[in-house]
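This report concerns only the one structure given below.
The values are calculated or read from the model by the stated rules, or taken from the named source; none is laboratory data. Remember, predicted model here, so these are calculated numbers, not experimental data. With ideal geometry, Cβ positions are generated from the backbone for all residues, glycine too; neighbour counts draw on all protein chains shown. Side chains are part of the model used for accessible areas, which takes the heavy atoms of the whole protein and leaves out ligands, DNA and RNA. Shrake-Rupley method; radii C 1.70, N 1.55, O 1.52, S 1.80 Å.
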Amino acid sequence: MNKLLETISLRLIRHLPAETAHSTTIKLLKLGFASSKDLKDSELSETISNVLGLEFRNPIGVAAGFDKDGEVFDQLAQLGPGFVEAGTLTLEPQAGNPRPRVFRLSSDNAVINRYGFNNKGIMNGLQRLSKRKDKSAILGVNIGINKDTQTPVEDYLECLTHARDIADYVTVNVSSPNTPGLRSFQQVEKLEELLNTLIKASLKNNDANRPLPLLLKIAPDLRNEDIHEIVDVAVSSGISGIIVSNTTTSRPKNLLDAKQHEQGGLSGAPLFELSTQKLAQTYLAAKKRIPVIGVGGVDSAETAYTKVKAGASLIQLYTALTYKGPRLFSEINKGLSKALKNDNIEHISEAVGIEADYWVSKEV
Ligand SMILES: Cc1cc2nc3c(=O)[nH]c(=O)nc-3n(C[C@H](O)[C@H](O)[C@H](O)COP(=O)(O)O)c2cc1C
């Protein structure tokens, strides 16, 4: 799609209620809109190599929640990201919370959502994802639990067992704020039990030459002490990486939009500083034993580079995609490449964490 058409479509979509805008975007993607070849261009593809034992063509990925049911993996891959994380998928299909449940805070470049894991169930999503044609982008599958489950650990385990032969990596989501009790899996005892169970299962995928990286996604509302404990439990149980962060239940004082009082998780620009600080804390606690994936408020090459310097080996984004459109992937990749050259940094991995101390001590 040419730039003019893209700008017009973005403007039109933005006039729709937020959830309708999203379902319309998914429909347009399915119809083949926004698949311009030039968006594939990534100057970083040569420099990014191996994270999590996987080959990423570039470090920018689509965060979970955008393609909840794995409906548009091939179409998203064509837009140039290095990876796409489908989900969150739960064992059973579920409708999620009553509408309206997602709100644009346009004056803050932010979104609040309380979807509550609306999805068609893991088998439905995986069936579609198993037919993906585009292998140029890495496929992550994010798993969660149904609202009314009495057997959460078993549910996570079953989701993982189904996903392990289809996904390139699986993310254990214990951090969405819209499923009661979910975040309690961030308490160390519960987390340890869960991760020990899941790690064993992740090692049993059909292809012994393809170990399945299991990632943990955490909330930005944890204290520094909690993060240290979580990282230690995660590393000792065998987790391959940590994603920081999910949406926040906090509300920064400087929000402008009246919709800021809606219940749910806040994402986008106002989440940037908080999630970057938690990323830096996680990076330092991990002591280079496992990589950290930075997500929260990335909307430009500059913010992506800041995440890298705070400790991110890979980056994800969601909210900015809804405000700025798919050109963001090539824009960020080109800008990152340029920024690294300006700083005389040959490989992005050399920049990872160089400002982590600054971000940990910064007042946010
Ligand atoms: C509408 C919406 C739905 C989301 N759904 C999920 C989800 O199902 N699972 C998940 O792990 N994260 C979900 N997220 C969180 C994002 O993956 C990401 O962690 C968060 O939005 C911060 O990134 P951003 O500021 O770039 O949006 C969702 C975010 C938004 C805005």
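Would you mind counting up the charge near Val235? Only other residues with Cβ under 14 Å from its Cβ, with Lys and Arg at +1 and Asp and Glu at -1. Taking every Cβ under 14 Å from that of Val235, the sum is 0.
The residue among Asn342, Val172, Pro98 whose Cα reaches farthest toward the positive pole of the charge dipole of the chain, with charges on the beta-carbon of Lys, Arg, Asp and Glu, is Pro98. Straight Cα distances below 18 angstrom link Lys133 to the aspartates and glutamates Glu55, Asp67, Asp69, Glu71, Asp74, Glu85, Asp165, Asp168, with same-chain residues fewer than 8 positions distant left out. When the C-alpha to C-alpha distance is required to be over 23 Å, the pairs from Lys30/Lys307; Lys147/Lys217; Lys253/Lys362 that qualify are Lys30/Lys307. Entry note, the stretch 190-263: relative contact order of 36 percent, from Cα contacts under 8 Å with a spacing of 6+ residues. Take every pair of alpha-carbon atoms less than 8 Å apart whose residues are at least six positions apart; their mean separation over the length of the chain yields a relative contact order of 17 percent.
Positive-end ranking of Thr249, Ala21, Leu182 along the dipole of the stretch 3-361, with charges on Cβ about the Cα centre, is headed by Ala21.
In the stretch 3-361, taking the dipole from charged Cβ atoms about the Cα centre, the farthest positive-side position among Gln150, Ile112, Val72 is held by Val72.
Each DSSP beta bridge with both residues in the chain is either parallel or antiparallel, and the antiparallel ones are about 30%. Dipole magnitude for the stretch 3-361: computed about the Cα centre from +1 point charges on Lys and Arg Cβ and -1 point charges on Asp and Glu Cβ, it is near 920 debye. In summary, the aspartates and glutamates within cross-link reach of Lys341, defined as a Cα separation below 14 angstrom excluding same-chain residues under 8 places away, comprise Glu43, Glu46, Glu302, Glu350.
Over the stretch 211-364, what is the relative contact order in whole percent, taking alpha-carbon pairs under 8 Å and six or more residues apart? Could the numbers behind the result be given before it?
Values: 261 pairs, mean separation 34.8, N = 154.
Normalised by residue count, the contact order of the stretch 211-364 is 23 percent.
Measuring gaps between exposed loop sites in the chain (trypsin sites (Lys or Arg not before Pro); DSSP loop; at most 14 other Cβ atoms within 10 Å), the longest gap, sites not included, is 1-130. Each Lys or Arg adds one and each Asp or Glu subtracts one; over the other residues with Cβ under 15 Å from the Cβ of Glu192, this totals -3.
Pairs exceeding 24 Å between alpha-carbon atoms, taken from Lys27/Lys324; Lys27/Lys131; Lys68/Lys338: Lys68/Lys338.
Counting only protein heavy atoms and a probe of 1.4 Å, the accessible surface of the chain is 51% carbon and sulfur.
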